[in-house]
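Right, one structure below, let's go through it.
FYI, it's all coordinate maths here, none of it is from the lab. None of the values given here were measured: they were computed from a predicted structure. Positions of Cβ are generated from backbone atoms using ideal geometry, with glycine treated the same way; all protein chains shown enter the neighbour counts.
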Amino acid sequence: MSTFLGMPAPPPRSPYGTGNLRGDKAFPRAAHDGLGDDQLRRNLGRATGTIRAKRLNVTGELPDWEALRDAGSAIKTDAMNRLPELLEQLERKVTERGGTVHWARDAAEANEIVAGLVRAAGSDEVIKVKSMATQETGLNEHLESVGITPHETDLAELIVQLAHDRPSHILVPAIHRNRDEIRQIFLDGIPGVDPDLDNVPAHLAAAARRYLREKFLSTKVAVSGANFGVAETGTLAVVESEGNGRMCLTLPETLITVMGIEKVIPRYQDLEVFLQLLPRSSTGERMNPYTSLWTGVTPGDGPQDFHLILLDNGRTAALADAIGRAALNCIRCSACLNVCPVYERTGGHAYGSTYPGPIGAVLTPQLAGMHAAKDDPNSSLPYASSLCGACFDACPVKIDIPSLLVELRHQHTEQTGVTPEKLAMRAAAAVMRRPGLYTAAQKASGLGRVIAGRDGVIGRLPPPLSGWSDSRDTPAPPRETFRSWFVSDEGTAALRAAAAEHDAATTTGGEHDEEDAT
C-alpha cells in the first residue's frame with residue numbers, strides 16, 4: 001500500500017499535477033463574463049428550476065428524510081475518521097476477488113497508471129463512464145497526448161467533448177447548452193450524422209446512441225469513476241440514468257476505475273442510505289434507473305481484468321484539516337449547485353475548476369491549495385457565495401457549507417497580511433473609541449447626501465470604496481443621526497413616553513399575575 005496515508009504528515013500540496021483543479025482566472029473576472037451571457041442564464045435558470053422542483057417533490061414524500069440525512073452524515077464522518085483502515089480493508093477485499101489496486105498520489109501519477117494499463121491491454125482507445133475524478137486529473141487530455149483516444153459515453157459528457165468545451169455542472173455537464181446548440185454540435189462532431197437532424201430531444205439522443213453503439217461493441221478497455229467503494233466487501237458502485245455506464249462496466253475486457261479515496265464507505269448496508277439520498281438530491285428521482293455494483297472479477301461474466309486506482313491528489317492534506325475533512329463528506333449530488341443563486345447566474349465555468357458551485361468553492365481550495373496571492377484563482381472562490389444557507393439546507397449529508405466558506409475567508413484574510421479591509425476596520429475602531437471623533441465623523445458623513453441621487457442612494461463611490469459600489473448601491477446618510485435625535489427635545493419626549501408606556505404595561509401585567517395566582 002502507498003505511504004501517502006501516513007498521518008499526520010500528508011504530502012505537500014502543489015499547484016502542479018492537480019489536473020483541472022486550478023482556475024485560469026479569479027472568480028470575479030470569470031463571473032463577469034457569465035453574467036453578460038443572457039442565453040447562459042436562461043439555460044441555467046430553466047434547468048436548475050426544474051431540478052429543484054423535482055427534488056422537493058420526492059424528498060417531501062419521505063417522512064424520515066431528515067433522519068436519512070443524519071444517517072448519511074454520520075456514515076461519512078465515521079468513514080473520514082477511519083479512512084486509512086477502511087482503504088486498507090478495501091484494497092484487501094478487491095485483491096481477494098481478483099482485482100488489482102493501485103495508489104496514486106496525484107493527478108499525474110493516476111493518469112500515467114491509466115495510460116500504462118491501456119497500453120498493456122493492447123488498445124489505443126477507451127470508453128468512459130462519467131467520472132468527476134478523471135475530470136479532476138485531466139485524464140482525457142493526457143490520454144490524447146500519448147496517442148490514446150477517450151470516448152465519453154454519457155450524453156452530456158459527449159456533448160461537452162464534441163464541442164471541445166468544459167463541463168459546467170457536477171451532474172449535468174452540458175446544462176449551459178440548449179437543444180439548438182446541441183444539434184449543431186452533433187452535426188459538426190459526429191461522423192455520418194443525418195444532415196437533416198432536427199432539435200427534438202429524442203432524435204438527438206438517437207443520433208448519439210447510434211454513434212456510441214459501435215464504440216461499446218468494439219472498444220476493449222473502459223474507464224469509470226465510482227460513487228462508492230464498500231470496504232467490507234470490496235464492492236464498487238456506479239449510479240447513472242442512461243445505461244451507458246452499464247455497457248462500459250460489462251462489455252469491455254478490461255475495466256479501470258479511478259476513485260477518490262474519500263468515496264469509501266464502511267459497510268455494504270450503508271448503500272441503503274446513500275441509494276435513497278443520492279438520486280433524490282441529484283436528479284429528483286426516487287432511485288437511479290441504473291445502479292451497477294461489482295466486486296473484483298467474476299469468471300465468464302463482465303471484464304476479466306479489473307483495476308482500481310485510489311486517488312489522493314490533495315485529499316490527505318484536506319483530511320488533516322477540519323474544514324477539508326468536512327468537505328470530503330460530499331457525495332457529488334450537485335444539490336447545492338441547483339439552489340445557489342450565485343451559480344445560477346454565473347454558471348459553472350466561472351469557478352474555473354472541476355468542482356463548481358458552493359461545494360466547489362470549499363473543495364477546490366482544499367484540494368489544490370488556496371494561497372494568499374491576489375492573482376491566485378482559487379483564493380477568490382470562498383467569496384463566491386451570498387452565504388444565504390440554501391446549500392446547507394439542500395445537502396443530503398448536512399455539510400455546513402456557509403460556515404466552511406466563512407472560515408476559509410478568515411484563513412485567507414489572515415494569510416494576506418495588511419489589506420484595505422483590515423485598514424478600514426482599524427480606522428473604524430479608532431474612531432469609535434473616541435466619542436468626539438465619532439461625532440465629527442458622523443457630521444462629515446452628511447456630505448454624502450450631496451452625491452446621492454434623487455432616489456436617496458449613492459450609485460458610485462470613489463476609490464478605494466469603488467469595489468463596494470460596483471455591485472451595490474449605498475443609502476445616502478440620513479439628515480439626522482440617532483445620537484443627535486437622542487439628545488434633542490423630540491427624542492427626550494419620545495423616550496419619556498416609551499418609558500411611561502412600559503411602566504404602565506408592567507403594572508397591568510403584574511395585576512393580572514396576582515389575579516391568576518389567586
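Between residue 53 and residue 217, the distance separating the two model label sites (each 7 Å from Cα on the Cα→Cβ line) works out to 4.0 nm. Between 0 and 90 degrees, the angle of helix 179-189 with respect to the longest Cα principal axis of the chain falls at about 40 degrees.
Length, then width, then depth: along the principal axes, the Cα atoms of the stretch 420-485 run 31, 31, 14 Å. Mean residue ellipticity, 222 nm, helices only, the chain: the sum of -39500 (n - 2.57) across DSSP H runs of n ≥ 4, divided by residue count and rounded to 500, is -15500 deg cm²/dmol. Computed from the C-beta positions of residue 320 and residue 471, the FRET efficiency with R₀ = 35 Å rounds to 0.45.
Residue by residue, the stretch 332-339 carries 3J(HN,Hα) couplings of 6, 8, 6, 4, 5, 5, 6, 10 Hz when phi is fed to the Karplus relation 6.51 cos²θ - 1.76 cosθ + 1.60 (θ = phi - 60°); x denotes Gly or Pro.
Relative contact order for the stretch 377-455: 18 percent, from Cα pairs under 8 Å spaced at least 6 residues apart, divided by residue count.
Over all other residues within a Cβ to Cβ distance under 10 Å of residue 253, the charged ones net out to 0, with Lys and Arg as +1 and Asp and Glu as -1.
Annotation: amide H-H contacts under 5 Å for residue 476 (H modelled 1.01 Å from N, sequence separation of 5 or more, or interchain): 457, 458. In plain terms, the bigger the Kirkwood radius, the slower the diffusion; for the chain, with that radius from Cα pairs, at 10 °C and 1.306 mPa s, Stokes-Einstein puts D at 61 µm²/s. Shape summary: the stretch 280-396 maps onto an equivalent ellipsoid whose semi-axes, from the alpha-carbon gyration tensor, are 31, 21, 13 Å in decreasing order. Phi angles across the stretch 406-411 convert, under the Karplus curve 6.51 cos²θ - 1.76 cosθ + 1.60 with θ = phi - 60°, into 3J(HN,Hα) values of 4, 5, 5, 4, 4, 4 Hz, Gly and Pro given as x.
Between amide H atoms placed 1.01 Å from N, distances below 5 Å from residue 149 occur with 125, 126, all of them 5 or more places distant or on a separate chain. Structural descriptor for the chain: relative contact order 21 percent, calculated from alpha carbon pairs under 8 angstrom and at least 6 residues apart. Applied to the stretch 68-83, the Karplus parametrisation 6.51 cos²θ - 1.76 cosθ + 1.60 on θ = phi - 60° returns per-residue 3J(HN,Hα) values of 5, 4, 4, 5, x, 4, 5, 5, 5, 5, 4, 5, 5, 5, 10, 4 Hz, with x for Gly and Pro. Looking at the square roots a ≥ b ≥ c of the eigenvalues of the Cα gyration tensor of the stretch 300-356, which shape do they give, rounded for a/c under 1.5, prolate if a/b is larger than b/c, or oblate? Because a/c hits 1.5 or more and a/b fails to exceed b/c, the stretch 300-356 counts as oblate. Here the residues 311, 212, ranked from fewest to most Cβ neighbours within 10 Å of their Cβ, fall in the order 212, 311. Give, rounded to the nearest 20 debye, the magnitude of the charge dipole that the chain has about its Cα centre when Lys and Arg contribute +1 at Cβ and Asp and Glu contribute -1 at Cβ. Charge dipole, the chain, about its Cα centre: 1160 debye, nearest 20. Relative protection proxy for 47-59, 69-81, from highest mean packing down: 69-81, 47-59 (other beta-carbon atoms within 10 angstrom). Each of 340, 388 was scored by other Cβ atoms within 10 Å of its Cβ. Arranged with the fewest first, they read 388, 340. Among residues other than residue 173 with Cβ under 10 Å from its Cβ, the summed charge is -1 (Lys and Arg +1, Asp and Glu -1). Considering only GluC sites (Glu not before Pro) in DSSP loops that have at most 16 other Cβ atoms within 10 Å, the longest stretch of the chain without any of them is 286-479.
Using the Cβ-Cβ distance between residue 489 and residue 32 with R0 set to 51 Å, the FRET efficiency works out to roughly 0.50. Beyond 27 Å in Cα-Cα separation lie the following of the pairs 76/422; 93/130; 54/215: 76/422; 54/215. The angle separating the long axis of helix 435-445 from the principal Cα axis of greatest extent in the chain is about 70 degrees.
For the stretch 322-473, the alpha carbon positions stretch 55, 35, 28 Å along the principal axes, listed from largest to smallest. Under 5 Å from the amide H of residue 100 lie the amide H atoms of 306, 307, 308, each residue being 5 or more positions distant or on a separate chain, with H modelled from the backbone and absent for Pro and chain starts.
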